[in-house]
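Trainee: Handing you this structure, nothing more for now.
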């Protein structure tokens, strides 16, 4: 999928997932996001990892690949907690009220985690190109516990943002219930996209380092790995396609060198 945007006098094309997509000729900068091909001489080159689940496999096989304890928590959330899954915003749907409901929910989560808030501009390109999908889960009383936002294109549903409100809950029992609900929502999302004919469910990133002091990232890795799936390496990079783009990417590369950003980096580190 290609998303276009303007920055100052430049036209930037963001090419997501599919390296073979061809932007129009009046583009200054090509920003490839999460593609299988690499170009190491590009500006701001990143080596990344993610976890993919092949949705063409039978449902019982997909469930069998989930770790035993996670399967138990999914079943408990569904059969005992009374949790129910819904779609807030369909991929092709135009409904600003629903989109703003998602943004408000995410920002409550962001505040609890001391993360940056989001606004419409952060999801505009996905929403306007009808590739944005939001799903959620409620408790037995209908209160929303967790929301998952996806970018859906090129046969892949990629987790873009995940937000839960367990940090705002004092008692451990309710926090554990929300954790179970989050697992059930992931499983329900997998089935939702499978039945929609999507080829892959993408967990939106896997932290590529297995040692160090990144305790939260490693816990998120373990959470995602509990659903099965296969690790896949992918790349993000920037290349110029005009003289103006060459100047811009050269400046960008110089900033990257100063900030030492040419390193493997995690994505989507939220639960």
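Trainee: Looking only at the range 137-159, which residues are modelled with pLDDT of 95 or more and either closer than 13 Å to residue 103 by Cβ or surrounded by fewer than 16 Cβ atoms within 10 Å (Cβ to Cβ) (or both)?
Mentor: The answer is 147, 149.
Trainee: Collect the residues in the range 1-55 that are touching a helix residue (DSSP H, G or I) at 6+ places or on another chain (Cβ under 6 Å) and within 15 Å of residue 155 (Cβ to Cβ), keeping them in residue-number order.
Mentor: If the condition is that a residue be touching a helix residue (DSSP H, G or I) at 6+ places or on another chain (Cβ under 6 Å) and within 15 Å of residue 155 (Cβ to Cβ), then 55 is the only one that fits.
Trainee: Hey, can you tell me all the residues within the range 128-147 that are in contact with a strand residue (DSSP E or B) (Cβ under 8 Å, 6 or more places away or on another chain), under 18 Å from residue 157 (Cα atoms) and without any contact (Cβ under 8 Å) to a residue 40 or more places away in the chain?
Mentor: 146
Trainee: Right, here's the next one. Please state which of the following conditions residue 87 fails to meet, knowing it meets all the rest: (1) buried (at least 17 other Cβ atoms within 10 Å of the Cβ); (2) touching a strand residue (DSSP E or B) at 6+ places or on another chain (Cβ under 6 Å); (3) assigned by TED's automatic domain parsing to the domain that holds residue 177.
Mentor: Just one mismatch for residue 87, condition (1).
Trainee: Next question, about the same structure. Please indicate, with yes or no, whether at least one residue in the range 164-177 is within 30 Å of residue 3 (Cα to Cα), at pLDDT below 95 and not in a helix (DSSP H, G or I).
Mentor: The answer is yes, given that some residue of the range 164-177 is within 30 Å of residue 3 (Cα to Cα), at pLDDT below 95 and not in a helix (DSSP H, G or I).
Yes or no, residue by residue, for (1) loosely packed, with under 15 Cβ neighbours inside 10 Å; (2) at negative phi; (3) out of contact with any strand residue (DSSP E or B) (no Cβ under 7 Å at 6 or more places or on another chain):
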position: 23; (1), (2), (3): no, yes, no
position: 26; (1), (2), (3): yes, yes, no
position: 42; (1), (2), (3): no, yes, no
position: 73; (1), (2), (3): no, yes, yes
position: 77; (1), (2), (3): no, yes, yes
position: 96; (1), (2), (3): yes, yes, yes
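The values are calculated or read from the model by the stated rules, or taken from the named source; none is laboratory data. All values reported here derive from a predicted model rather than from experimental measurement. For neighbour counting, all protein chains shown are included, and Cβ atoms are generated from backbone atoms with ideal geometry for every residue, glycine included.
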